[in-house]
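A quick write-up on the structure given underneath.
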Amino acid sequence: MVSYLLRRLIALVTTVFVVISLVFVLLRLSPGSPLYTLLGFSYSEEGRAAVAERLGLNASIPEQYARYLEQLAGGDLGTSVFSGQSVWELVSQRLPVSLELGLIAGVVWMALGVLAGALAALRHRSPLDGFVRVTSVVALSVPSFWLGLVCVLVFGVYITGVLPVSGYVPLADGVGPHLRSLILPSFVLGLPAFAVVARTFRASLLDVLDRDYVSFATSMGMRRGKLVRKVALRNAAIPLVTVVGLMLGMLVSGAILVENVFGVPGIGQLMVDAFRRQDYPVAAGCCLAVALLYLLTNLFVDVAQLVIDPRIREGVLKGGKPR
């Protein structure tokens, strides 16, 4: 178990290093420069050289890369080119907003997905089953950015005053206004997760209900309600753990688009602004934060699988790879 976790941590660090390296190189090779945004197009060469020296952009890309890795090794993500604020400070201010949005979308909509999938499987071939299947397909087919714009149009033009279509109300300003400001973003963000979880859990539960041991328990007189609670749901939840973990990671990364549609000041909005203005340290810091969240979520899912499924745990303890 320890050797498996050690291998996973090494793989996580390696992946983060690759992500950081790719983001650094692609930002430097992209057209333009933050100098143009800072100075405009009417500047003297002396002024440009002075700003480039101050920002460390006068060195070659390998020298800048080595300097950046040295800063990272010391726990320093740098400072914003435009605001002069620490990247740690900017990310720590914006990340809780994105985490809260992703958590609300994940908990509410994935819980609804589990419920819908279970009801559809227990009422197989019924109108409810058909409704869940059609709804999940439609939810997966609708692009998030289009759905977000439709919500802004509907609640901003036709049904005004019901839900805010832009902005973010801090929790300190009241629980009610705070939650109202997150309803539409969490709906748009969580709808695809609802669809994936509902379809996955429905298929998994149907497969479990068709197993021989379920038929044997039924023939021995076990009541259906107890059979579903004690046997079917527990076994059907094993593959669901992987899907839920992946969805949690995707919710964090998917918040980038949703936050910009609804004007939520999370890390997604910060990242888009940083790339647009070519604020190299902030863009790299945001990518690092998102990559770490996604990879740590996947690591947590793998550990949860070891705890839940004894077959996977046995394979790991014998030196094999989890399936």
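Before moving on, here are some points about what is shown:
- Looking only at segment 142-194, and only at residues there that are open to solvent by less than 70 Å² (accessible area, probe 1.4 Å) and among the hydroxyl-bearing types (Ser, Thr, Tyr), the one that is modelled with the lowest pLDDT: Ser144
- Taking the criterion of being outside any loop (DSSP other than H, G, I, E, B), open to solvent by less than 60 Å² (accessible area, probe 1.4 Å) and farther than 30 Å from Ala195 by Cβ, the residues of segment 75-126 that qualify are Ser86, Val87, Leu90, Val91.
- Residues satisfying the stated conditions in segment 127-141, i.e. of a type in the set (A, V, I, L, M, F, W, C), under 23 Å from Gly254 (Cα atoms) and surrounded by 13 or more Cβ atoms within 10 Å (Cβ to Cβ): Ala139, Leu140
- Selection from segment 232-266 of residues that are crowded, with 23+ Cβ neighbours inside 10 Å and not in a helix (DSSP H, G or I): Val264, Gly266
- Residues of segment 177-230 satisfying the condition of being small (Gly, Ala, Ser) and not in a helix (DSSP H, G or I): Gly221
- Flag if Gly130 is small (Gly, Ala, Ser), on the phi > 0 side of the Ramachandran plot and more than 27 Å from the chain's Cα centre (by Cα): no
- The set of residues in segment 139-176 being in contact (Cβ under 8 Å) with a residue 24 or more places away in the chain and in a helix (DSSP H, G or I) consists of Ala139, Leu140, Ser144, Phe145, Leu147, Gly148, Leu149, Cys151, Val152, Phe155.
Condition check ((1) assigned to a helix (DSSP H, G or I); (2) buried (at least 20 other Cβ atoms within 10 Å of the Cβ); (3) among the aliphatic types (A, V, I, L, M); (4) at pLDDT 90 or above) across all residues:
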position	(1), (2), (3), (4)
Gly268	yes, yes, no, no
Ala274	yes, yes, yes, no
Pro281	yes, yes, no, no
Cys287	yes, yes, no, no
Leu292	yes, no, yes, no
Leu299	yes, no, yes, no
Asp302	yes, no, no, no
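- Residue count for segment 70-86, restricted to those that are within 22 Å of Thr14 (Cα to Cα) and in contact (Cβ under 8 Å) with a residue 24 or more places away in the chain: 3
The values are calculated or read from the model by the stated rules, or taken from the named source; none is laboratory data. Just so it is clear, the model here is predicted, and its values are computed rather than measured. All Cβ positions, glycine included, derive from the backbone under ideal geometry; neighbour counts span all protein chains shown. The area values use the complete protein model at the heavy-atom level, side chains included, leaving out ligands, DNA and RNA. Shrake-Rupley method; radii C 1.70, N 1.55, O 1.52, S 1.80 Å.
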